[in-house]
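Read the structure below first, then the notes.
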Amino acid sequence: MDDSLATRASLLDRIRDVGNQASWREFFERYRGFIYGVARRKGLGHEDAEEVLQDTVVSVSKGLPRFVYRPEESSFRGWLTTITVRRVADQMRRASRRVETVPLKDEAGLEEGVAEDHPAQWDEEWMSNLCRVALDRLRLVVSPRDFQVFDWTELRGHSNGETAAAFGLSAVLVRVIRFRVRRRLDAVVRELERSPWPAGSRA
């Protein structure tokens, strides 16, 4: 998934306006898990990771007006990862009583779209966050029973027979529910991949 979450210029425009509260609220909910996860993987505790989360969102809001999206050269994912890793470094410097930071102006001009420190674990964190967001959205579009059946089988690993007995359903119906919900989840994931920036309300 090199750049399946490639940012569309039209969607970028919606969030360049810091007053677009709907878009920024959805942006925060969509990417907070990724930013926080990167900070924790870098060794920060909960409070420091929360600081990185807040600092990264501020950095994005400051750097976005100067960010030029070139889909053939860069990705939003690489840009966001780079900013997050730099804010982690800043937090570590503060913890060791050092005050120097990486200037924000450098972040807007990134063309390669890849973080300096971009191991495979950042891709894993990105996908993990995408799945969390997709599951949260899935809850809103399927019935509670169907989501529980899906969770019981696909996420918790119970067999169709065990699930049928637990929910008082037939094994055939359990298979149908699993198939139907999995298709809905795939559709949610595809939508998130097509539109990495929240729709929100237009500025």
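Every read-out reported here was derived from the displayed coordinates using simple, explicitly stated rules and does not represent laboratory data. As the structure is a prediction and not an experimental result, all values here were calculated from the model. Every residue, glycine among them, receives a Cβ derived from its backbone with ideal geometry; neighbour counts consider all protein chains shown.
Observations on the model:
- Phi-based couplings in Hz for region 75-85 (Karplus 6.51, -1.76, 1.60; Gly and Pro marked x): 9, 5, 4, x, 5, 5, 4, 4, 4, 4, 4
- Sorting 130-140, 84-94 by their mean Cβ neighbour count within 10 Å, with the most densely packed peptide first, gives 84-94, 130-140.
- Stretch gain in nm, segment residue 135-residue 121, where the contour uses 0.36 nm per residue and the Cα spacing is subtracted: 3.0 nm
- HN-Hα J in Hz across region 31-46 - Karplus 6.51, -1.76, 1.60, θ = phi - 60°, x for Gly and Pro: 10, 4, x, 5, 4, 4, x, 4, 4, 5, 5, 7, x, 7, x, 4
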